[in-house]
Amino acid sequence: MKISHLAAALLAVSLAACSQSAPKNGPMTLNRGNGAEIKSLDPDFIDGTWEANVVGDLIVGLVTEDAAGQPIPGAATDWSVSPDGLTWTFHLRKDDVWSDGVPVTAEDFVFAYQRLLDPKTAAQYAYNIWVIKNAKAVNDGTMPLSALGAKAVDDHTLVLTLEHPAPYLPQLLMHQTAYPLPRHLVEKYGNAWAQVAHFAGNGPYVPKEWVLNDHLTLTKNPKFYDAKHVRIQVVNYYPTPDSEAALKRFRAGEFDVQSAIPAAEIDWMRRNIPESLKLIDYLGTSYMLVNCKRPPFDDARVREAIALAYNREAVEDKIMRIGQKPAYAFVPPHTADYPGTAHFDFEKLSYPERIKKAQGLMQAAGYGPNHRLHTTYSTVADPNDTRIAPALQSMLKDIYIDADIVQVDAAIHYKNLQQHQFNIAAAAWIADFNDASNFLDLLRTGSGNNYGGWSNAKYDALMDQAEHEPDAKKRGDILNQAEQLALDNYAIIPTNFRKTRNLVKTYVKGWISNQRDFNRTRWLWIEGK
């Protein structure tokens, strides 16, 4: 909803008065609007990019991100790889300590990986490190934790043995599933170790205060191994589920950075704050899910009809208008070592032709004008989704589907997806590392983030085959076959290839837009505010 110029001016004055920016001679402070409230500071219990933003400021893995989101040495100074690509030896920093002063050791990594994979932990993201030898069997409970191919040779030497060669491993090790944990605190406090009062990290910041649904304040960690180069001394993370309200707060000076923008205001932002708008292509796909565990969505004809009915071009050109490309495949363009030729076979059909085909499929499945399918469409409570949902609702009506819209907080939405508590739902996936498998692993049988519950033995076999193929081109071709199989079965319904959606004040320096959309606070500073 738009507001008058006078109202906007009054709002700006009001919000500026309550801004929490640092005093002129106070500590350098960065205020970040972060999209949604986080669930935890424990890396084993998070899965959203907004949560990774925070925890990535607190803990550093063997490999970490540079200012442009590329892998650089983190807790490890260097590493070597055996000729067969299966054994990786990491040499840890001798000056890396937890924020309580206890040294970080190789055993902290072994302990962390075993905890993540322990079936008792029930970590949804555990599959992300199945690349480590015996990790899947450990995660399934068929092998003991000690069988994991992660060994501490001594305090500063960690050896990882892999199931198959993984040249992308340095990128994977930047992910929170590969972070170390302070074993001494987890053993003392259990899961409560991640509460602010008990927390210790080895990253550039430590948590100081967390007021749920209001703000999380981090302060500079003086024990961080590279503390001398960290300029921001205080960072406040604010949950901003309402992107329209967040834009007003950004304009008023309350936020220095805001992640997530209201597409309805894209023309205003391009005219008035183009220098703050950061929109680039990145490795992310928005998609729709259908719950394959529930009839009638276990019928591929119904799933295909929904895929046909979604008018991607209309949504991107008339509703979003931020330059995102309609998606007829799951893996984004420009993914490394990937041919990217898999696609929905209806891509060249006109939209009226798609609707006609979808109606025929629904009628074949037993539905029609006099027997409509009544269901629900679940999404997050964000202004962008609030605008897209009724458009989809209207599209589905044309193929005999009446869908009630269910909008909830992002944390609740994704918890529902993980528990398969939905019929049709919106979701998005941002690459953890630049490899097609990071998207396609979502559709494996048993994957913790296989929200739709689709399962196909041939698909799983292709994914297994790709894992053990050392030739990059052949591997890419096998993965491409797997994606085509999933698309042919409508296991997932891609809708668009995403762009980054950030607002950054011009006085925030060091920000480099990148494909992974990570800009760690340690690389930023404020100048000329």
>> Excluding same-chain pairs closer than 8 in sequence, count the lysine pairs in the stretch 151-262 whose Cα atoms lie under 29 Å apart.
In response: 11
> Along the positive direction of the dipole of the chain (beta-carbon charges: Lys, Arg +1; Asp, Glu -1; about the Cα centre), which of Gly35, Val54, Asn423 reaches farthest?
Replying inline: Gly35
> Residue-wise, which Karplus ³J(HN,Hα) couplings in Hz belong to the stretch 351-360, taking 6.51 cos²θ - 1.76 cosθ + 1.60, θ = phi - 60°, and x for glycine or proline?
Replying inline: 5, x, 5, 5, 4, 4, 5, 5, 4, x
>> Students often check this: by mean Cβ neighbours within 10 Å, which of 412-419, 357-364, 516-523, 224-231 ranks highest, and how do the rest follow?
In response: 516-523, 357-364, 412-419, 224-231
> About the Cα centre of the stretch 361-490, what is the dipole size in debye to 20, counting +1 per Lys and Arg Cβ and -1 per Asp and Glu Cβ, all else neutral?
Replying inline: 340
> Does the stretch 286-352 come out rounded, prolate or oblate by the C-alpha gyration tensor, with a ≥ b ≥ c the root eigenvalues, rounded set by a/c under 1.5 and, if not, prolate when a/b is larger than b/c and oblate if not?
Replying inline: oblate
> Which order do Ser259, Ser455 take when ranked by solvent-accessible area (1.4 Å probe, heavy atoms of all protein chains), largest first?
Replying inline: Ser455, Ser259
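Add +1 for every Lys or Arg and -1 for every Asp or Glu among the other residues with Cβ under 11 Å from the Cβ of Gln407, and state the total.
Numbers: positive: none; negative: Asp382, Asp385, Asp404, Asp409.
Its environment carries a net charge of -4.
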> Expressed as a whole percent, how much of the Cα-Cα distance distribution for the stretch 272-321 exceeds 16 Å?
Replying inline: 62
> If you add up the charges near Ala329, with Lys and Arg at +1 and Asp and Glu at -1, over every other residue whose beta carbon is less than 12 angstrom from its beta carbon, what do you get?
Replying inline: -2
> Excluding same-chain residues fewer than 8 positions from Lys357, which aspartates and glutamates have a Cα within less than 20 Å of its Cα?
Replying inline: Asp298, Asp299, Glu304, Glu313, Asp345, Glu347, Asp398, Asp402, Asp488
> Assuming R0 = 45 Å, what is the FRET efficiency of Ala68 and His374, from their Cβ-Cβ distance, to the nearest 0.05?
Replying inline: 0.40
> Karplus couplings for the stretch 244-253 from phi (6.51 cos²θ - 1.76 cosθ + 1.60, θ = phi - 60°), rounded to Hz, Gly and Pro as x?
Replying inline: 5, 5, 5, 4, 4, 5, 5, 4, 7, x
> List the aspartates and glutamates whose alpha-carbon lies under 14 Å from that of Lys120, not counting same-chain residues fewer than 8 positions away?
Replying inline: Asp44, Asp140
>> Just to be sure I understand: of the beta bridges DSSP finds with both ends in the chain, what percent are antiparallel, rounded to 5?
In response: 75
>> Residue by residue through the stretch 430-439, what is 3J(HN,Hα) from phi via Karplus (6.51 cos²θ - 1.76 cosθ + 1.60, θ = phi - 60°)? Round to whole Hz and write x for glycine and proline.
In response: 10, 4, 7, 7, 7, 7, 4, 4, 5, 7
> From the Cα gyration tensor of the stretch 102-238, with a ≥ b ≥ c the square roots of its eigenvalues, which class applies: rounded if a/c is under 1.5, or else prolate if a/b is larger than b/c, or else oblate?
Replying inline: prolate
> Ignoring any ligand, DNA or RNA, what whole percent of the accessible area of the chain comes from carbon and sulfur when the probe is 1.4 angstrom?
Replying inline: 52
>> Computed from the coordinates I sent, Cα Rg over 2.2 N^0.38 Å equals one of (1) 0.99; (2) 1.03; (3) 1.38. Tell me the label.
In response: (1)
> Helix-derived [θ] at 222 nm for the chain: sum -39500 (n - 2.57) over DSSP H runs of at least 4, divide by residue count, nearest 500?
Replying inline: -8000 deg cm²/dmol
>> I'd like to check one number: the per residue accessible area of the stretch 67-176, probe 1.4 Å, reported in Å² as a whole number.
In response: 39
> How many lysine pairs in the stretch 416-529, separated by 8 or more positions in sequence or lying on different chains, have Cα atoms less than 28 Å apart?
Replying inline: 7
>> From the protein chains alone at 1.4 Å, what is the descending order of accessible area for Trp130, Trp268, largest first?
In response: Trp268, Trp130
> In whole angstrom, how far apart do the alpha carbon centroids of the stretch 354-426 and the stretch 78-135 sit?
Replying inline: 41
>> Order 142-152, 168-178 from most to least packed using the mean count of other Cβ atoms within 10 Å.
In response: 168-178, 142-152
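The values are calculated or read from the model by the stated rules, or taken from the named source; none is laboratory data. On a predicted model such as this, the values are computed, not experimentally measured, just so you know. Note that each Cβ is placed from the backbone with ideal geometry, even for glycine, and that neighbours are counted across all protein chains shown. Each accessible area value is taken on the protein alone, full model and side chains, heavy atoms only, with ligands, DNA and RNA left out. Shrake-Rupley method; radii C 1.70, N 1.55, O 1.52, S 1.80 Å.
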